[in-house]
Amino acid sequence: MMLFRLSQVAPTAVAQRLDEALPELEKTMKDVTVTKDTVKQDLERASELQRSCLRAIAGLSKIRTGGSAPAFDAFVARLEQGKWAGELKELRTGS
């Protein structure tokens with residue numbers, strides 16, 4: 001994700017804008033709505049997109065926001081308590 005790469009170059013600037021990127025991150029991490037027309041390929045694609053987003057979130061969460069992105073910090077805290085907790089912890093320690 002480009003946002004993650006930018007955070008390595010200009011972490012302070014990215015930290016100040018994380019809350020603005022949050023709606024798209026939340027939308028990506030929501031569970032897939034299964035309908036009668038949903039096929040296995042759609043589920044796999046959505047799952048891979050979520051894992052990619054989670055990798056970006058794990059990297060972005062390492063930035064010290066200094067309280068400048070409270071909504072993002074709260075989102076990460078929710079992920080740490082939810083079904084993505086194990087994978088997020090692994091990505092944060094292994095990256």
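The values are calculated or read from the model by the stated rules, or taken from the named source; none is laboratory data. The model shown is predicted, which means the values in this text are computed figures rather than measured ones. Ideal geometry is used to build each Cβ from the backbone, glycine not excepted, and the neighbour counts take in all protein chains shown. Protein only, heavy atoms only, side chains kept; ligands, DNA and RNA dropped before computing areas. Shrake-Rupley method; radii C 1.70, N 1.55, O 1.52, S 1.80 Å.
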Report task. Could you sort out which of LYS62/LYS89; LYS27/LYS62; LYS40/LYS62 sit more than 23 Å apart by Cα distance in this structure? Result -> LYS40/LYS62
Query - Ordering of 36-42, 80-86, 9-15 by packing [mean C-beta count within 10 Å, highest first] - result: 9-15, 80-86, 36-42
Query raised in the report: Where does the Debye-calculated log10 I(q)/I(0) of the chain sit at q = 0.12, 0.20, 0.25 Å⁻¹, using only Cα point scatterers of equal weight, no solvent?
Result: -0.39, -0.98, -1.39
Query raised in the report: Using a probe of 1.4 angstrom, how much of the accessible area of the chain is carbon and sulfur, in percent?
Result: 54
**Report entry** Surface accessible to a 1.4 Å probe, ARG51 within the full protein complex, Å²
**Finding:** 80
Requested in this report: Please compute the net charge surrounding VAL76, taking Lys and Arg as +1 and Asp and Glu as -1 over other residues with Cβ under 14 Å from its Cβ.
Outcome: +1
Report task. Give the residue from LEU22, THR12, GLN41 lying farthest towards the positive end of the charge dipole for the chain; charges sit on Cβ (+1 for Lys and Arg, -1 for Asp and Glu) and the dipole is referred to the Cα centre. Result -> THR12
**Report entry** Contact order normalised by residue count of the chain, Cα under 8 Å, 6+ apart, percent
**Finding:** 37
**Report entry** Cα centre as origin, Lys/Arg/Asp/Glu Cβ charges: the chain dipole, Debye
**Finding:** 200
Report task. Grab the DSSP H runs of the chain that are 4 residues or longer, score each as -39,500 (n - 2.57), total them, divide by all residues and round the 222 nm result to the nearest 500 deg cm²/dmol. Result -> -24000 deg cm²/dmol
Query raised in the report: On average, how much accessible surface per residue is there in the chain, in Å², for a 1.4 Å probe, leaving out ligands, DNA and RNA?
Result: 68
Query raised in the report: Summing Lys, Arg as +1 and Asp, Glu as -1, what charge do residues with Cβ under 10 Å from the Cβ of PHE4 carry, PHE4 excluded?
Result: +3
